[in-house]
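Comments concern the structure below.
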Protein chains: 2
Amino acid sequence: MKPIALDAMGGDHAPKVTVEGALLAQKQGIPVVLVGPTERLQRELAAQGGHLPVVEAPEHITMQDHATDVRKKRRASINVCMELLRRGEASAVVSMGHTGATLASALFNLGRIPGVDRPTLLIELPSERGRTYLADGGANVDCRPEWLVQFAAMATAYARAQGVENPSVGLLSIGEEEEKGNDLTLRAFPLLKSAAGINFYGNVEGRDIFKGTTDIVVTDGYTGNVVLKLSEGEARTLFGWIRQALAEGPWLTRLGALLVRPALQRLRERMDPAEYGAMPLLGVEGAVFIGHGSADGRAVLSALRKAEASIQAGLVERVREGIARLEEVR
Amino acid sequence: MKPIALDAMGGDHAPKVTVEGALLAQKQGIPVVLVGPTERLQRELAAQGGHLPVVEAPEHITMQDHATDVRKKRRASINVCMELLRRGEASAVVSMGHTGATLASALFNLGRIPGVDRPTLLIELPSERGRTYLADGGANVDCRPEWLVQFAAMATAYARAQGVENPSVGLLSIGEEEEKGNDLTLRAFPLLKSAAGINFYGNVEGRDIFKGTTDIVVTDGYTGNVVLKLSEGEARTLFGWIRQALAEGPWLTRLGALLVRPALQRLRERMDPAEYGAMPLLGVEGAVFIGHGSADGRAVLSALRKAEASIQAGLVERVREGIARLEEVR
């Protein structure tokens, strides 16, 4: 396997945590190449007492930059990562950096898989049945109905690559009945129903995401992004309230709190976005994963492991086939 | 004060819980008139050992009916409630029944306040700063930018009536910056910025709803409904996982669970939609409140109390003024 190109300058705590994560991955036999300013990365490697190949990239995209700045900063680390992937010198790209810029760089350097109108960001959320895959996570705010069908096909390919058999797809709406929804969902419903290779369940509601009614939920990127940030925010608020309620209670409550702490901590980790590592960007000509900017070394490792597993499962080829199958029937 | 007309046949457990809630309200000095089939309601009143005025309505809207069926079933309890309100024989209408039908019945029987294009359902969600008011909660799936401005004005009037001083308004989007969002939010942003009588904060994200960054959040009814059902579903799933994690742990964890149970129970109640009683339907010519179909007697009481407080605070007049102020500047 060719190494995974890691944007070593992406994320809030780069390059410390990216180097940390890459060294942890190396120990597990996952080959990684660091992309960024060589001198700085060598210094960080030396500080952490590790050795990894480095590819030079003198610039990088900051969180203050616009997504389109990837066209100006041609030697930015994310662009150099994509070039390695395009030339076949890397098997995947992982970045914990600017989501919009990573998306723009992937489109610009790799291009789309034939038949894909818009690539999609796929989110993973914990659910009562394991996990729910949600597309689109924010790459495409205003969508056409046929894009939702493509998101469904690409998410199906991804879920299969993750070992889910015949993954079911729900259309996020405001009622179960076919006639409930907004203009977009009403037009997408019949297309999803008749699409080849998609195990369409019908409409699902907000509550079905955590319940795990379907393996996959499709929606536009505006709603998907609201769902992602609301669910993270709600979990954070709830755990904060629990901590407070237990700390402020009478002494018996505080004693109880001490005893239940490990169990609650494990649960909290289950809700932690870092556990999920990274979201795949599906529909571009290459395996690209985007992680949380707040990632620590463990989250970078998760992202690299997720990328590796996806490459082994032939993700890009599966997406290509899923999209081709939609096209055949048209 | 004229009595509040309660749709005694609305909700999953009617008329038992509606009669229960009405009797509880009566004890607190809130006048209520029950609307429904007289004989059945008298039987329920007798069973519960109470006395309340009843207005006859031979039919009712079931959850299987369509919203538009309010035009066919003219003597349905919800229509009779609205007639009482229109004729000034009731001060407000409360229903735990079919949301769409209640909305349709209100529009049909009461009409809109001048200047209101679309009435809005206002949701209350718990937040770190108390509560967040969210409009629209699902009355208008596809929205025009100017409707969002009206929702903001009506929600502002409601929040003021609830005692919030100079309530701040956030526009639900996918980034803080003005240029982030979908077609609807990009067009609504400048309108909200220049609208009279609205304390506009700017864009907020999904995470800000539970954080309580602004008092009010405006969005289209599709997204609002997804937010409502996702937040309810996530809380239910999380508390379920907590219960399970504590019950399945080693004996020290189970002992701790026993000790923290009361504190967690109180927190759970704080998240319970029943605590919030009912959502106001703003923008129609009268005070209308719609509660959760799964309401118990306590939730019916909360809804009636909320309606009473709103009437005392001159809700409809405040909404009328807020909308008129928008119009003046146009």
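List of remarks:
- Ratio of the Cα radius of gyration of segment A:1-73 to 2.2 N^0.38 Å, where N counts its residues: 1.12
- Cα centroid separation, segment B:147-161 to segment B:65-141 (Å): 16
- Across the identical copies, how the A:GLY314 labels are spaced - nm, sorted shortest first, 7 Å along Cα→Cβ: 7.3
- Our coupling estimate for segment A:55-69, obtained by passing each phi through the Karplus curve with A = 6.51, B = -1.76, C = 1.60 and θ = phi - 60°, is 10, 5, 9, x, 10, 8, 8, 9, 5, 7, 6, 8, 4, 6, 5 Hz, Gly and Pro reported as x.
- Surrounding net charge for A:GLY111, when Lys and Arg each add one and Asp and Glu each subtract one, Cβ distance under 12 Å: +1
- Whichever lysines have a C-alpha closer than 19 Å to that of B:LYS16, once near sequence neighbours (fewer than 8 apart) are set aside: B:LYS27
- Residue mean of other protein chain beta carbons inside 10 Å, A:241-252: 4
- Sequence-distant residues sharing a close amide H with B:ARG144 (under 5 Å, placed H): none
- For segment A:121-272, alpha-carbon Rg relative to the globular expectation (2.2 N^0.38 Å, N residues): 1.23
- Cβ crowding within 10 Å, taken as a proxy for footprinting-reagent exposure, orders B:VAL204, A:VAL218 from fewest neighbours to most as B:VAL204, A:VAL218.
- Hydrodynamic radius by Kirkwood, which averages 1/r over all alpha carbon pairs of segment A:84-150, in angstrom: 13.8
- Annotation: amide H-H contacts under 5 Å for A:GLY97 (H modelled 1.01 Å from N, sequence separation of 5 or more, or interchain): A:GLY11, A:GLY291.
- When the P(r) of segment B:21-167 is calculated, the portion above 21 Å amounts to 55% of the C-alpha pairs.
- Straight-distance crosslink candidates among aspartates and glutamates, where the alpha carbon sits under 18 Å from B:LYS193 and sequence neighbours closer than 8 are dropped: B:GLU146, B:GLU176, B:GLU177, B:GLU178, B:GLU179, B:ASP183, B:GLU205, B:ASP215, B:ASP220, B:GLU327, B:GLU328
- Convex hull per residue volume in Å³, alpha carbons only, for the protein assembly as shown: 168
- Residues whose placed amide H lies under 5 Å from that of B:ASP117, excluding near-sequence neighbours: none
- For segment B:167-182, putting each phi into the Karplus relation 6.51 cos²θ - 1.76 cosθ + 1.60 with θ = phi - 60° gives couplings of x, 8, 10, x, 9, 5, 9, 10, x, 6, 5, 4, 8, 8, x, 9 Hz, in residue order, rounded to whole numbers and with x for Gly and Pro.
- With label points defined 7 Å past Cα in the direction of Cβ, position B:ARG131 shows copy-to-copy spacings of 3.7 nm, given to one decimal and shortest first.
- Listed residues B:ARG298, B:ARG75, B:ARG129, most fluctuating in chain B (Gaussian network, C-alpha, under 10 Å): B:ARG129
- 23 Å Cα-Cα reach of B:LYS229 towards lysines, excluding residues that sit fewer than 8 places from it in its own chain: A:LYS180, A:LYS211, A:LYS229, B:LYS211, B:LYS306
- Neighbouring Cβ atoms from other chains, within 10 Å of the Cβ of residues in A:81-93, number 0 on average.
- Placing a label point 7 Å from the Cα of B:GLU179 along the Cα-to-Cβ direction, the residues of segment B:201-216 whose backbone N falls under 20 Å of that point are B:202-205.
- Per-residue ³J(HN,Hα) for segment B:74-89, Karplus 6.51 cos²θ - 1.76 cosθ + 1.60, θ = phi - 60°, Hz, x for Gly and Pro: 5, 9, 5, 3, 5, 5, 5, 4, 5, 4, 4, 5, 4, 7, x, 8
- Sorted by Cβ density within 10 Å, fewest first, the residues A:PHE239, B:PHE189, B:PHE151: A:PHE239, B:PHE189, B:PHE151
- Cβ nearest the rotation axis (A onto B), residue from chain A and distance to the nearest whole Å: A:GLY256, 2
- Starting from the label point of B:ARG87 at 7 Å along Cα→Cβ, the same points in the other copies fall at 8.5 nm, in ascending order.
- Across peptide A:30-36, the mean count of Cβ atoms from other chains lying within 10 Å of each residue's own Cβ comes to 0.
- Principal semi-axes in Å for chain A [√(5λ), Cα gyration tensor, largest first]: 31, 29, 17
- If you take all other residues with their beta carbon under 12 Å from the beta carbon of B:GLU128, and give Lys and Arg +1 and Asp and Glu -1, the sum is +4.
- Treating r as the C-beta distance of B:ARG243 and A:ASP12 and R0 as 22 Å, the FRET efficiency rounds to 0.05.
Read the figures in this text as sums done on the coordinates, not as results from a lab. Keep in mind that this is a model prediction, so the values were computed, not measured. Here the Cβ is made from the backbone with ideal geometry for all residues, glycine too, and neighbour counts use every protein chain on show.
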